[in-house]
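One structure is given here, and the rest of the page talks about it.
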């Protein structure tokens with residue numbers, strides 16, 4: 001029986017070029033996706049830092065404390081900060097409508113928190129802002145003057161007691177930003193790490209346990225529709241992430257292994273073809289690792 005003739009160099013080069021172009025295309029798509037995510041994370045982080053700074057400034061104007069009327073919920077706090085002039089931009093309280101399931105595409109983000117006073121009446125909160133799905137949860141505590149620098153004062157909405165974010169959160173469970181009492185901001189990917197219970201060095205994933213006893217949390221409560229949109233959006237989001245933006249071996253490595261077998265000459269030994277698959281898997285892992293990076297926590 002005659003041996004299978006080897007593939008010509010021209011055909012082998014053509015196959016290898018096709019495989020290379022495929023992975024370059026996948027890499028470009030994955031890079032665009034991660035850049036988009038990164039831009040949204042950065043924008044939300046800046047907005048949340050401005051909220052944290054306004055909160056600290058508003059308290060500093062009142063001897064380190066916030067008045068009771070600012071501590072009813074997240075909207076009363078926003079109203080107090082807007083009236084005080086510390087943060088008047090309503091859009092700073094919202095995430096990206098194209099990504100936040102609670103907002104939905106095309107959500108009209110209110111630009112004003114306070115409506116102008118008329119006929120001598122006191123300024124009141126904008127009805128479009130009241131009850132809207134703001135992206136941030138805030139710690140409602142009277143005094144912020146003596147808080148330790150690492151104490152969180154606000155964070156991305158949807159943070160659960162196990163340290164992960166819910167599917168209806170602004171980043172659909174990927175993670176979220178946390179602003180601390182020193183006005184620094186940290187993006188936590190996946191779950192909270194490096195947090196301790198109030199007054200101790202005991203680790204915790206429950207952010208409520210990092211706050212002074214009796215602190216309440218002001219946060220938008222998602223509706224059943226929000227939760228449904230979050231589950232649907234998160235399902236497709238995870239599929240896309242797995243296929244396009246995984247820094248682990250995963251799907252890219254399997255594709256590279258298949259491609260390695262595809263371009264290997266059929267008359268090579270099984271060992272040689274397996275070795276080609278292993279080399280392909282390693283190259284794929286290194287390629288996607290270099291493209292996306294392992295950074296899970298970014299402090300700005």
I need the peptides 205-218, 76-89 ranked by packing, meaning the mean over residues of other C-beta atoms within 10 angstrom, with the highest value on top. 76-89, 205-218
Taking neighbour counts of Cβ atoms within 10 Å as a proxy for exposure, in what order, fewest first, do 165, 155 appear? 165, 155
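Between rounded, prolate and oblate, where does region 33-240 land on the alpha carbon gyration tensor, with a ≥ b ≥ c its root eigenvalues, rounded for a/c under 1.5, else prolate if a/b exceeds b/c? Please report the intermediate quantities before stating the final value.
On the way: a/c = 1.89, a/b = 1.12, b/c = 1.69.
It comes out oblate by the Cα gyration axes.
No lab work stands behind these numbers, since they all come straight from the coordinates. Since the structure is predicted, the reported quantities are computational estimates derived from the model, not experimental observations. Positions of Cβ are generated from backbone atoms using ideal geometry, with glycine treated the same way; all protein chains shown enter the neighbour counts.
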